[in-house]
Amino acid sequence: MSDETNRITRLEEMLAHQAKTIEELSDQLADQWKIVEQMRTKLDRLTERFLSLEEQSLEAPSITRPPHY
């Protein structure tokens, strides 16, 4: 094989390796994005629940005289 053929072969191998790496990284990114979306949904639900509980706790009981008065 000539030097030019060897060079082209090495470049093709490098390109194939890089394409595989990019595909793997893309898959990992997609998986992590799903996890982020799940966490965002859970955080939204917890925030709503917290605000609801906070609202309930802010309802102060009516002021009444103690029984000994």
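Brief remarks on what is shown
- Charge dipole of region 1-48 about the Cα centre (unit charges at C-beta), most positive-ward option of Ile22, Ser2, Gln32: Gln32
- Here the chain has 58 percent of its accessible surface on carbon and sulfur atoms, given a 1.4 Å probe and all protein chains in place.
- Using θ = phi - 60° and Karplus 6.51 cos²θ - 1.76 cosθ + 1.60, couplings along region 22-36 (whole Hz; Gly, Pro as x): 4, 5, 5, 5, 5, 5, 5, 5, 4, 4, 5, 5, 4, 5, 4
- Translational diffusion of region 5-46 was estimated from the Stokes-Einstein equation, with Rh taken as the Kirkwood radius over Cα pairs; at 20 °C and 1.002 mPa s the coefficient is 169 µm²/s.
- Using Cβ point charges alone (K and R +1, D and E -1), the dipole size of region 22-65 about the Cα centre works out to roughly 440 debye.
The values are calculated or read from the model by the stated rules, or taken from the named source; none is laboratory data. Because the structure is a prediction, the values reported are computed rather than measured. Here the Cβ is made from the backbone with ideal geometry for all residues, glycine too, and neighbour counts use every protein chain on show. To get the accessible areas, we keep the full protein, side chains included, count just its heavy atoms, and leave off ligands, DNA and RNA. Shrake-Rupley method; radii C 1.70, N 1.55, O 1.52, S 1.80 Å.
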